[in-house]
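Step one of this worksheet: look at the structure below.
The values are calculated or read from the model by the stated rules, or taken from the named source; none is laboratory data. Everything numeric in this text was worked out from a predicted model, so none of it was measured. Glycine gets a Cβ as well: all are built from the backbone with ideal geometry, and neighbour counts include every protein chain shown. With ligands, DNA and RNA removed, areas are computed over all heavy atoms of the protein, side chains included. Shrake-Rupley method; radii C 1.70, N 1.55, O 1.52, S 1.80 Å.
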Amino acid sequence: MRSEVGTVPPIFAELVGQEDAVATLSRAVAAAGVIVQGGVPEAGMTHAWLFTGPPGSGRSVAARIFAAALQCPDGGCGVCTACHTTLGGTHADVRFVVPEGLSIAVGEMRALVLRAASSPTQGRWQVLLVEDADRLTEAAGNALLKAIEEPPPRTVFLLCTPSTHPDDISVTIRSRCRVVPLRQPPADAIAGLLRRRDGLDEQTAAWAAAAAQGHVGRARRLARDPQARARREAVLAVPRRLTGIGAAFDAAAALIEAAEAEAAASVLETDAAERAALETALGAGGTGKGAAGAARGSAGQLKDLERRQKSRATRTQRDALDRALVDLAGFYRDVLVHTFGAGVEPVHGDTDELAGAAAQKWAPESTLRRLESVLECRVAIEANVKPRIAVEAMMLALWRG
Ligand SMILES: [Zn+2]
């Protein structure tokens with residue numbers, strides 16, 4: 001079944017709470033289908049896209065799904081080979097940009113751009129997907145910009161950044177892209193996905209969706225993984241464990257370790273699935289003409305995948321630490337709600353009693369200073385202060401009050 005304007009391809013069902021983005025992307029997929037068949041669409045398709053949104057909103061998931069829908073002969077069925085290989089990262093015409101260290105090297109970008117300019121081998125689109133476009137060096141950004149300015153007819157560029165701020169993406173690249181803003185999905189949309197896709201009961205789904213504060217992947221882990229729940233509890237236990245300087249340093253170390261464990265757990269599944277998909281794809285091409293060349297190429301592809309996974313792990317660690325800080329900030333916010341009798345829902349229902357007790361003990365200014373120190377820690381880490389130093393400074397401030 002070909003997707004027409006106004007219908008949503010099945011593959012977009014994962015993007016919960018993103019109705020605007022899904023509508024835009026569905027129209028583009030329909031228009032792209034018309035182009036592939038040699039026609040001229042009225043509107044909707046463009047060569048460069050910029051996916052923006054906070055961590056957990058699913059910007060790279062959205063870009064990947066869009067790439068799959070473009071490659072799918074049915075416009076995003078979610079079950080065919082084109083859909084599967086794109087989602088698994090092995091489609092021959094979908095290239096992922098691998099950030100090297102902290103930024104994407106210019107040489108690598110030039111090679112990728114060159115490759116993206118060739119005709120699609122499977123007749124639809126050449127897609128270049130840059131997951132962390134905010135980490136482009138200026139030179140790499142310029143190499144990309146040139147390609148975006150004069151895009152080959154069947155090439156599509158998909159860039160992902162946290163925002164459209166000039167710190168994240170250069171103004172000139174941004175001006176060439178259609179922006180797809182993703183928002184933090186509401187808790188009830190996440191709960192619905194957990195029930196539908198993961199078969200969770202209503203109560204668990206609702207609790208996990210609320211506790212995850214808008215992060216789909218985290219909600220799923222909180223619902224299914226007792227260790228993820230334990231890590232969250234440990235973060236929320238920090239305020240009552242700060243009994244002295246030694247305890248403050250211990251709490252800092254524990255918080256960072258918890259974030260590392262959280263990140264490791266969150267990439268484990270994806271990494272294994274990607275590797276299995278790549279090995280299947282490589283194994284399938286292992287006989288007949290050109291098999292020797294394929295074998296030579298396959299070692300490189302595996303290495304490529306490992307590099308991509310490693311860089312994603314670093315990124316995920318930072319995101320996990322940030323989420324732990326957001327959880328912690330939520331606790332101090334709940335204390336303030338009690339202090340001022342604001343009568344709004346707590347962020348953390350399960351530690352609300354403790355928040356109430358803290359409100360009796362702490363002066364309002366002192367609670368506010370604590371909340372501010374958590375938020376300052378987030379800003380410092382975002383500005384590349386070493387996480388351990390930023391977290392230790394925060395813990396000391398939390399202890400002092
Ligand atoms: Zn498909």
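Given the conditions (1) open to solvent by less than 50 Å² (accessible area, probe 1.4 Å); (2) within 24 Å of residue 385 (Cβ to Cβ); (3) touching a Ser or Thr at 6+ places or on another chain (Cβ under 9 Å); (4) of a type in the set (A, V, I, L, M), report the number of the one that residue 264 does not fulfil. For residue 264, the exception is condition (1).
The selection criterion, being surrounded by fewer than 23 Cβ atoms within 10 Å (Cβ to Cβ) and over 18 Å from residue 190 (Cα atoms), holds for residue 241.
Would you point out the residue of the range 146-186, among those that are of a type in the set (S, T, N, Q) and within 15 Å of the chain's Cα centre (by Cα), that is nearest to residue 64 (Cα to Cα)?
161
Applying the set (1) part of a strand (DSSP E or B); (2) more than 24 Å from residue 31 (Cα to Cα) to residue 160 leaves exactly one unmet item: (2).
Residues considered: 22, 36, 79. Of these, the only one that is open to solvent by 10 Å² or more (accessible area, probe 1.4 Å) and more than 16 Å from the ligand (Cβ to nearest atom) is 22.
When residues in the range 174-206 are screened for being touching a strand residue (DSSP E or B) at 6+ places or on another chain (Cβ under 6 Å) and assigned to a helix (DSSP H, G or I), 1 of them pass.
Selection of the range 82-92 for residues being more than 8 Å from the ligand (Cβ to nearest atom), among the aliphatic types (A, V, I, L, M) and either over 19 Å from the mean Cα position of the chain (by Cα) or open to solvent by less than 20 Å² (accessible area, probe 1.4 Å) (or both) yields only 92.
Inside the range 57-76, residues that are open to solvent by 20 Å² or more (accessible area, probe 1.4 Å), more than 6 Å from the ligand (Cβ to nearest atom) and farther than 21 Å from residue 216 by Cβ make up a count of 1.
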